[in-house]
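Engineer: Right, I'll just put the structure down here and ask away after.
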Amino acid sequence: MNASVHYLTPAMSVFGPRGEAVRQVDYLRKVAGEEVRALINRLQYDVVGHLVAQQDPRLPTPNTTTVFKLDGTAVKSQNVDGGEDTLLPGLGGELLQHWDANGNHRAMSYDPQMRLSSVTENGVTGFESFSYDSVSADPTHNLRGQMTALSDPAGTVQFNSFNMRGQSTEEIRTFKDGKIFTDRQRFSAIGVLLQTTDAGGHLQLSAFDVAGQLAQVQLQLSGQSVQSILNGADYNAAGQITEQHLGNGVTSHWHYREADGRLLRQYAQKASEPAVQDFEYAYDAAGNITRIVDLTYARTFFRNQRVDGERTFGYDSVYRLIRATGYSDAPPADNPGRPQPTDPNDRRNYVESFEYDDGNNLKKLTHVRDGNTYTREIFIDPASNRGVRWKAGDPAPDFSTLFDRAGNQLAPQPGQPMDWNSRNQLKSLILMEHASGPPDQELYHYSQGERVYKRHETHTGTVNHVAEVHYVGSLEIRTRSSGEELHRITVATGIGEVTCLHWVTGKPPGIDADRLCYSHSDHLGSSVTEIDQRAQVISRESYYAFGATSSMAARSQIEADYKFTRYSGKEMDVTGLYYYGARYYAPWLCRWVSADPSGDADGTNRYAFVGNNPIFYVDDTGNAKDEAGASGSTGNGKKTIGYKLNRWAGAVKKAQTAAEQMKNIASDFEKMIPEDADIEQVRKDLKPMKYIRSKYGRTAIRKGLGAGGVLGTALAGLAAAIPPAAPFLLGAAPLMPLVGAFVVPTIGYNHMKKGLNRADMLLRAEAVNDTVGLFGEVAGAVGDALSAAAELPDQLDPEADKGPETEMKPEAAPATYEARMQELFFEQMTTLTPLQQVEIGKSIPGEGAPYFEALSQVLKAANDPSSSTLPTPEVSDPPQENPTPLPMVHKRQLARRKLVMSGL
């Protein structure tokens, strides 16, 4: 990392009076010495706190505006990328109707139990239908109340059996072409998948260790004996995999940095043989990968260049990839399509640089390689984030003809139109038009959001070729019009995947029958090295930063043709597009071809691929990025290993907000601290009972009693006005003085502790534990009155509050009721967890409840070591004609930046 690039470039959030983030500021610098620029994201809320508008630093108007009902349900959303969506919910919150930007209309119907029963789409009744069994259904298959059948445009699915946990154990899928496939599963008592029998009759068995981690996997092809795929696996204390013992004798190893669990090295080898894969990773101080070294690479020299298997990466101050180096065999094809083996004798180094606009759009890629240097530009719509390939000097694109109103691209390349269905899913893509006859094309069918069928058609003057794929669970049934039927079975091993190619008919020559292929992936889950059952290398493939293939070698062309899984563990179609689940990715464009269907879950730019940091992030489903650079991905939708900051970043952000709000009142107690005092020591010495016995604690108890008495009197009067509620109100009225005597000292003590610790944005664990302990100790000072409320005022010194100079007299301390409370209340509180104690505090009515709500968030984050962070500088958003605010502090490490950025 170049420290001068990142100097004075913090990430900051500005919060409104209700704790909501209203501004999020990133400071951008690309090269050392460049003037820093502020990128301000603006968020707007309505009077009840709903987020109604989001605006990025680039556009003059909001990217997204949302309209809410009075109950907080969103009913209309307008987005510059995805267009307008309108929803009509019912009285129970169920969705009744939906209109998208293309005018597609869906109407939902429900049965008396509010279960979705049918969907009418664009006037087509029964476009989707769902059936459920009643209480008269066969109890031996646990069908009562379960969905037993569904029908959609891809066909029908029948659910014949469920286990006690409601998991389907037998499914029968019937496709539109009439083909029927049955899939069966068996689960453990806690819902873990133990056994599957797919539609081809192939059996997979999984075993787990006592910690619930995958330990063994076996595969039994239909009519054959069982073979071991995974013999064993070891994990560290953090749950990260450290070793895998595969069925072909190869052992894979992973080594992590002890300080943060980031992946340092991964390699695979068989006994004493040379490693088949060996990667080393290096990181900058923020956790971004800066170098990957392939230790199995044999150094080569060509055209006065040394190629040593090393890739390096550079980032701007907001961690977008701006520079990548590596090696490639041949100039990358400008046209999309599946990659073919390249010429290793033409291997040279390359350097790629990337430029972005303020809306996080990649607008220029420059590739420099000896004999092949080019620049690819993307023209971005001035009113949205839609973009297309473009050359300088060409007229500005007409985006109204290049995208539909829902943000779906209509042609990734000239002459290759794409058609989208009513759910904004890719329906077909024409590869080539013919002067006469149908075009060469690929078509897709989906069921419940997942692709289940693919058909590829090519046509010549006399012959038509058709290749089909039916996706049924872990089985792909691939057929060709030539008579070939291939079962491609995917076996999950936790990291990477093992596939078996089992030909039912039509096996081509030059490839083994029932061939097992063990795919070894990199940290992103990309299939890098494939080896067979004898631990011999089948193929090797490397990738550019944004997923295009930079080199590929295979031991035969026929085996290269049967490689389907590539970058990030995803399937590449013959169109060159990667299918991610929710949408498709174009690696030659470095962006998605449709707007994010999950909305702004991954930011205001709905086309940007993994935040333009494809070395650090992956996207398993096409909806949102997830960290991969520190761990390693399993691909195919499986989670990456390593620590997931975003699992707890939201809780920590709320804790930051709570601490920031409490900081404002700390000055009330600063006069108690001598100027030469050790603030840290004073903070440690301040305990709950010491505070209670001080003039501040005593005053707080007396004020709480007074406020509680007023509230009790009000409740008694309210009881007379509301007779039905009188028993409850009259019962609660005598307790109100106790509630006040409990809540007010608690707030006072914690405010004082915060004043002594105001240098920290988050309350550290020690302060939180002191606060939690206060529940028991303050209860020990007031709780006896739960059984004798009238005695409490008599035991307090009536002269307690004669002025700031008056100290509590030792004889005035209510020792007798303190002792009784230790027995009655404190004993019970200490049996609870800290979080349960906080929840009790939240349940007490009064002005202290919001404080306990904030404290509960702090407590949830307190045990995380990353929840101790430095103060966030205050940022204001001046009128636009004023200068942009300059940064005030040094840049934080990545973990701390994520705490602030979690609300972006």
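Engineer: Write down the Kirkwood hydrodynamic radius of the range 192-643, to one decimal in angstroms, obtained as one divided by the mean of 1/r over all alpha carbon pairs.
Structural biologist: 23.0 Å
Engineer: In addition: In which sequence would Tyr267, Tyr374 go, from the one with the fewest C-beta neighbours within 10 Å to the one with the most?
Structural biologist: Ascending Cβ contact count within 10 Å gives the list Tyr374, Tyr267.
Engineer: Does anything in the range 193-228 have its amide N under 16 Å from the 7 Å Cα→Cβ label point of Asp177, and if so which residues?
Structural biologist: Hits in the range 193-228 for Asp177 at 16 Å: 200.
Engineer: A follow-up question, please. What's the FRET efficiency of Ile511 with Asn236 using the Cβ-Cβ distance as r and R₀ = 22 Å, to the nearest 0.05?
Structural biologist: 0.05
Engineer: Mind listing the long-range amide H neighbours of Gln97? Cut-off is under 5 Å, sequence gap 5 or more, other chains count too, H placed in the peptide plane at 1.01 Å from N.
Structural biologist: Correct list: Leu88, Met108.
Engineer: So, counting K/R as plus one and D/E as minus one, what does the shell of residues with Cβ under 13 Å around Met164 add up to?
Structural biologist: Around Met164, the charge tally is +3.
Engineer: Pull out the extension gain between Asn160 and Ala298, defined as 0.36 nm times the separation in residues minus the alpha carbon to alpha carbon distance; nm, one decimal.
Structural biologist: 44.1 nm
Engineer: Scattering from the C-alpha atoms of the range 485-544 alone, worked out with Debye: what is log10 I(q)/I(0) at q = 0.15, 0.21, 0.24, 0.26 1/Å?
Structural biologist: So the normalised log intensities are -0.48, -0.85, -1.02, -1.11.
Engineer: Within a 10 angstrom radius of the beta carbon, how do Glu273, Glu468 rank from fewest other beta carbons to most?
Structural biologist: Glu273, Glu468
Engineer: I've got another one for you. Could you go through the range 259-271 in sequence order and give the Karplus-derived ³J(HN,Hα) for each residue, using 6.51 cos²θ - 1.76 cosθ + 1.60 with θ = phi - 60°, rounded to whole Hz, and x for Gly and Pro?
Structural biologist: In residue order, the calculated couplings are 5, 9, x, 7, 5, 9, 7, 9, 8, 9, 7, 10, 6 Hz.
Engineer: Give me the number: length gained by fully extending Thr621 to Leu59, i.e. 0.36 nm times residue separation minus the C-alpha to C-alpha distance, one decimal in nm.
Structural biologist: 199.5 nm
Engineer: Check Leu577: other-chain or 5+ apart residues with amide H under 5 Å from its amide H, H built from backbone geometry?
Structural biologist: Residues meeting the amide H criterion: none.
Engineer: Taking the Cα-to-Cβ direction at Ser481 and at Val124 and moving 7 Å from each Cα, how far apart do the two end points lie in nm?
Structural biologist: Output for this residue pair reads 2.5 nm.
Engineer: So if I average 1/r over every pair of distinct C-alpha atoms in the range 125-191 and take the inverse, what Kirkwood radius in Å does that give?
Structural biologist: About 12.7 Å, per the Kirkwood formula over Cα pairs.
Engineer: For labels at Ser134 and Arg37 in the simple 7 Å Cα→Cβ model, what's the distance in nm?
Structural biologist: Going by the 7 Å Cα→Cβ label model, 6.7 nm.
Engineer: Here's another thing I want to ask about it. May I ask you to derive the FRET efficiency for Phe68 and Arg144 from their Cβ-Cβ distance with R0 = 45 Å, giving the value to the nearest 0.05?
Structural biologist: Efficiency computed from Cβ-Cβ geometry: 0.75.
Engineer: Can you tally the net charge around Ala233? Count Lys and Arg as +1, Asp and Glu as -1, for every other residue whose Cβ sits under 12 Å from the Cβ of Ala233.
Structural biologist: Cβ neighbours under 12 Å give a net charge of -3.
Engineer: Here is a follow-up. By count of other Cβ within 10 Å, fewest leading, how are Lys507, Lys625 ordered?
Structural biologist: Going from least to most buried by this count: Lys507, Lys625.
Engineer: Between Asp561 and Ala435, what is 0.36 nm times their sequence separation minus the Cα-Cα distance? Round to one decimal in nm.
Structural biologist: Contour length minus the Cα-Cα distance gives 42.5 nm.
Engineer: Now a separate question. Amide H of Asp522 versus every other amide H placed in the peptide plane: which residues, excluding those fewer than 5 positions away on the same chain, fall under 5 Å?
Structural biologist: Distant-sequence amide H within range of Asp522: Val528.
Engineer: Further question: Return the sequence-ordered ³J(HN,Hα) values of the range 189-199 in whole Hz as given by the Karplus equation 6.51 cos²θ - 1.76 cosθ + 1.60 applied to θ = phi - 60°, using x for Gly and Pro.
Structural biologist: 5, 9, x, 8, 5, 9, 8, 10, 10, 7, 5
Engineer: Rounded to whole Hz and in sequence order, give me ³J(HN,Hα) for the range 566-571 from the Karplus expression 6.51 cos²θ - 1.76 cosθ + 1.60, θ = phi - 60°, writing x for Gly and Pro.
Structural biologist: Values, residue by residue: 9, 4, 6, x, 10, 7 Hz.
Engineer: Using a basic spin-label model with each label point 7 Å from the Cα along Cα→Cβ, how many nm lie between Trp390 and Val537?
Structural biologist: Taking the two extended label points, one gets 4.3 nm.
Engineer: Run through all the Cα pairs of the range 72-156 and give the fraction in each 5 Å bin from 0, expressed as whole percent.
Structural biologist: Values per bin, smallest distances first: 3, 13, 19, 18, 18, 13, 8, 4, 3, 1, 0.
Engineer: Just add up the charged neighbours of Arg265: K/R +1, D/E -1, any other residue whose Cβ is under 14 Å from the Cβ of Arg265.
Structural biologist: Around Arg265, the charge tally is -3.
None of the figures in this text is laboratory data; all of them are computed from the coordinates on show. If you're wondering where the values come from, they're calculated on a predicted model, not measured in any experiment. Glycine also receives a Cβ, built like all others from the backbone with ideal geometry; neighbour counts cover every protein chain displayed.
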